[in-house]
Amino acid sequence: MAHVHEPLKLAILDDYQNVALAMADWSRLKGRAEVTVFADPLDDQDALAERLAPFDALCVMRERTPLPAPLLNRLPRLKLIVSTGRRNASIDLAAAAARGVTVAPTGYSSTSTVELTFGLILASCRFIAAENARLRTGLWQGFVGTTLKGRTLGVLGLGNIGREVARLGRAFGMEVLAWSQNLTPERAEAAGARLVSRDELFASADVLTIHLVLSGRTRGLVGAAELAGMKKTARLVNTARGPIVDEAALVEALRHGRIAGAAIDVFDREPLPHDHPFRSLPNVLATPHVGYVAEDVYRIFYGDAVEATLAFLDGRPLPHPALTPKE
């Protein structure tokens, strides 16, 4: 769609920290697009449809607001969705394509997620958050942590993020084991890890960290049987996607001390419900899906969002190929 004369009405969704407008030069859209920012998440589909119906374009932050077919079908003006990141499983791409809606991804950097993963590992093993909370209430030492050197890091998924986490594990003197469905011994060795069976990965890991893409074959991959196969002293770390782990099974394992703890950044439902056990279990360290929430990443996301919107308005190729149902 080239040379739109009426300004494009663009909504930026779920700007939780109210920083979107400061992370890119949105003035480049002046006179060509009217930008509205929404900071609050909406779960109610009727309220969401009413809010979004006046807009021609949406800029969505990762998967904070899902865009299923029933919602897309209630947005008659919608022509463009800019989705931050390289993929977004919460957008019904087939429905968008059927409606003639372009879904434009942005660039991405995984560095922030890699760093957060190891931050969670260290914080969980050394009780950093718990000791900080005690100190703030006037207390002193309360826990005895464990070191990483000489212990075993199990990496479930040795892709871009998993490889970097494995590298950091080696830097801390850990033995690194890995497994995923298509992983070969050669690829594992190239990443400084040793390929083992899935059962051996769970049985051997002192820290097991998940770095898989959520799909039909990975949903629920870590269930009660896998958790039961872990050491009682082991810790589970998940900065990938919540549904890869059977959440109810993990809650039970933690409640009964079948594993020592979990450090979690992703959940089945986000934002996490106020009464969720992860908010109160003493052996859980939880963060609110902040793996990608870093200034460097936001500048890529929103900078590319401006570029994608301009390309769409000009009828030029998008900076990154549009997402299609086949992807």
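Values quoted throughout were computed directly from the atomic coordinates according to the rules given, and no laboratory measurement underlies them. The structure displayed is predicted, hence computed values, not measured ones. Using ideal geometry, Cβ is built from the backbone for each residue, glycine included, and neighbour counts are taken over all protein chains shown.
General observations
- The listed residue being surrounded by fewer than 21 Cβ atoms within 10 Å (Cβ to Cβ), hydrophobic (A, V, I, L, M, F, W, C) and without any contact (Cβ under 8 Å) to a residue 24 or more places away in the chain, out of ALA228, ALA248: ALA248
- Check on LEU310, part of a loop (DSSP other than H, G, I, E, B), of a type in the set (A, V, I, L, M) and surrounded by fewer than 18 Cβ atoms within 10 Å (Cβ to Cβ): no
- Qualifying residue in segment 132-150 (condition: in contact with a strand residue (DSSP E or B) (Cβ under 8 Å, 6 or more places away or on another chain), part of a loop (DSSP other than H, G, I, E, B) and crowded, with 16+ Cβ neighbours inside 10 Å): yes
- Filter result (in contact (Cβ under 8 Å) with a residue 60 or more places away in the chain and either small (Gly, Ala, Ser) or closer than 18 Å to ILE210 by Cα (or both)) within segment 99-114: ALA104, GLY107, SER109, THR111, SER112, THR113
- Condition check for PRO273: under 30 Å from TRP26 (Cβ atoms), without any contact (Cβ under 8 Å) to a residue 40 or more places away in the chain and not in a helix (DSSP H, G or I): no
- Listed by position, the strands (runs of 3 or more DSSP E) inside segment 26-91 whose residues that are over 18 Å from GLU6 (Cα atoms) and either of a type in the set (Asp, Glu) or touching an Asp or Glu at 6+ places or on another chain (Cβ under 6 Å) (or both) number at least 1 are 33-37.
- Residues that are part of a loop (DSSP other than H, G, I, E, B), farther than 25 Å from LYS149 by Cα and out of contact with any Asp or Glu (no Cβ under 7 Å at 6 or more places or on another chain) within segment 213-249 comprise VAL213, LEU214, SER215, GLY216, ARG217, THR218, ARG219, LEU221, ARG241, ASP246, listed in sequence order.
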